[in-house]
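These notes are about the structure you will find just below.
What follows is calculated from the coordinates using simple rules that are stated; it is not laboratory data. Source: prediction; values computed, not measured. Please note: Cβ atoms are built from the backbone with ideal geometry, for glycine as well, and neighbour counts cover all protein chains shown.
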Ligand SMILES: [Zn+2]
Ligand SMILES: [Zn+2]
């Protein structure tokens, strides 16, 4: 892949400048207005057809090659996080309490870099490349992939392959991380309301204490991982919020628990969801309380990377000089890139940015998260390479 690596040198300063601009002006989920404007303004002069307002604040770029071929979509998410940046940089976030702590600023810049590379190669390009600049990946509930799909981003022309790249601190600079099959979890959020009967703290026998019942439920839920789920299947359950009560001598009427269940396969997922319901309802009943269990509707699906395509991607990325390809373990985070993968085969892969000498040691989502900018050009080259190879397929 010597060619693209030489060509990207011309664009590298622009890729870094773009990343810094987006970093300085982070925007939260579905508020990516300026980011979208910047993207559209950079795509148009490249001769790329641009549609804005796709699924909210999304931007869709379409580059048609001169030769017939397949349709490949490349995706970058654009949103920032509600985190106060704690890194001193000349281009530190100018927005109080908002930061690109997951590196989506670099995703935007790398995909624009890939667009610059591909636009220059239009004469050799087969098929069509679609650039999906997606809003609101971090939204959790209503991620931006779904509205973009509903807005037709994967159709007309229909996408044959889709690729997404995430920068990560889990692997060192100079490496790509790949995983075929289930790579990221389905994040199922739940809310359990335990309804008891309040009264005086001195007379619990006259009440049904929902806090006591909530405590039993929290403990019993952990039995799902130790006693109910196949121990070789990845699974985790965490209760992350507990709300009840007002004063030290009042037993309240109810208690509310919120938490998350993470699984990597459908059977385990089904079993986990029904176990949460069953345990909460039966434990509550045992102590005379009732409960309402709600799971968030339509959560992000399991991120399933096509095994064959991922193998082909590994071969392509291995040819990029100076870069290694490593196999990743699955992680139990969620990603709405999974929704694009339900429409077309592809893979969600990683670009390492861990670099001790540059202080890039803190994980994604940390207020001290820092990107090693020297890796960005490799991200652009990788995306462009996948587009060039898979459009030929
Ligand atoms: Zn994130
Ligand atoms: Zn992210």
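Per-structure values
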read-out	value
Cα long-axis angle, helix 266-286 against the chain (0 to 90 degrees, to the nearest 10)	20
Theoretical ellipticity at 222 nm over the chain - DSSP helices of four or more residues, -39500 (n - 2.57) apiece, nearest 500	-10000 deg cm²/dmol
Efficiency of FRET between residue 294 and residue 365 - r from beta-carbon atoms, R0 30 angstrom, step 0.05	0.70
D_trans [Stokes-Einstein, Kirkwood Rh over alpha-carbon pairs] for the range 113-213, 25 °C, 0.890 mPa s, µm² s⁻¹	126
Choice from 239, 162, 22 with maximal GNM fluctuation in the chain (Cα, 10 Å cutoff)	239
Approximate spin-label separation residue 24-residue 6, in nm, with each point projected 7 Å along Cα-to-Cβ	3.4
Selected from 64, 368, 356 as most flexible by GNM, with the chain as the system and alpha-carbon contacts under 10 Å	356
Burial ordering of 258, 85, 34, 155, fewest other beta-carbon atoms within 10 Å first	155, 34, 258, 85
Normalised contact order of the range 1-147, rounded percent, pairs of Cα under 8 Å and 6 or more residues apart	34
The range 78-116 and the range 206-254: distance between their alpha carbon centers, rounded to Å	37
Additional length obtainable on full extension of the chain from residue 124 to residue 308, 0.36 nm per residue less Cα span	63.7 nm
Residues 206, 335 arranged by fewest to most Cβ contacts within 10 Å	206, 335
Ranked 179, 37, 343, 19, criterion: other C-beta atoms within 10 Å, fewest first	37, 343, 179, 19
Tilt relative to the chain, helix 104-120 - C-alpha long axis, 0 to 90 degrees, to 10	30
Folded to 0 to 90 degrees: helix 376-392 orientation relative to the chain principal axis, Cα	80
Rounded to 5, the percent of DSSP beta bridges in the chain classed as antiparallel	65
For the chain, built as a Gaussian network whose Cα springs stay under 10 Å, the top-fluctuating residue of 298, 254, 77	298
P(r) weight above 19 Å for the range 155-259, C-alpha pairs, percent	65
Taking the convex hull of Cα positions in the chain, its mean projected area over all directions (nm²)	20.7
Of every Cα-Cα pair in the range 1-108, the percent that sits beyond 18 Å	56
Rel. contact order, % - alpha carbon contacts under 8 angstrom, at least six apart, the range 139-286	28
